[in-house]
Amino acid sequence: MPVGRIAGGIFFVMFFMFISSGACFANATVNGLSGTMLVPGLEVLPPSGARAAIHMIGESEFSEATFKGVFAFSDDSEVAIIKRFTIKGKNDQTDPIFAAKYKVRANMAVAAILDPNDGYQDSVMLLSGMPGNRVVLGVGTNIAMNENERKASFGRYSEDGAEVDPIFFVMGASLNIDSDTKLTIDYAGNDFVLGMRHAFDERLSLDFGVYTPNRIYDKTRYIVGANFGF
């Protein structure tokens, strides 16, 4: 299905959802853990809370997707399990990715992503900013266990096929459009995404975003997703 038609449908639905009221709740990122669209935030889910989410990414058609579950087992920590899969093209079988976040204090958190798939490095980062995920800035490092690991969930690539930089910077921000809808801005080293997130209630929210062209993808990509609370 063409992305343009899906995007139009998303905005049409959001137009009518603007008249509803309620609170926005923590949602999962594309890479797992709660935050904006790409970058983990400073907050964690409520204790014993859980969130499932799916995001699909592509140009004129969706070509890849991620499914994840996020679980909070204390006031200050949460874990996530993420599965990447292809929708169109080469059918790559991937192992689950694991992530964790610990809230050190109101304006600081640490996060890690452990990726056991061939060719992927693990990532750890320190996050700081304004509570509520209004602005989150972070610095991190990608850790390679062998020379064949050249990719990572975060970080900058100098060109297609190049190894990801060992040190990376991230930025996430959200702006309340109304009580249920947020504009999100994310920079994750190589990816820049401008997005919109709308919450029906604590059980369901929708995501829509635009990836700008970068060193790996020279065309605009789109992202559509949904978060489900438990």
### Message
Quick check on the stretch 105-131: of everything there that is touching a Phe, Trp or Tyr at 6+ places or on another chain (Cβ under 9 Å) and part of a strand (DSSP E or B), which residue is nearest to Tyr157 (Cα to Cα)?
### Response
Ser123
#### Entry: Any chance Asn142 is closer than 20 Å to Val164 by Cβ and not in a strand (DSSP E or B)
no
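Pick from Glu61, Glu78: which is more than 19 Å from Phe228 (Cα to Cα), charged (D, E, K, R), out of contact with any Cys (no Cβ under 8 Å at 6 or more places or on another chain) and in contact (Cβ under 8 Å) with a residue 12 or more places away in the chain? Write out each step before concluding.
Values: Glu78 fails: more than 19 Å from Phe228 (Cα to Cα).
Only one candidate passes the filter, namely Glu61.
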### Task
Search the stretch 182-207 for residues being under 28 Å from Asp165 (Cα atoms) and of a type in the set (Phe, Trp, Tyr), and hand back the single one that is surrounded by the most Cβ atoms within 10 Å (Cβ to Cβ).
Tyr187
### Message
Given (1) within 16 Å of the chain's Cα centre (by Cα); (2) farther than 23 Å from Ile216 by Cβ, identify the lone condition not met by Met108.
### Response
(1)
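Read the figures in this text as sums done on the coordinates, not as results from a lab. Everything quoted here is computed from the prediction, not taken from an experiment. Here Cβ is always computed from backbone atoms with ideal geometry, including for glycine, and neighbour counts include all displayed protein chains.
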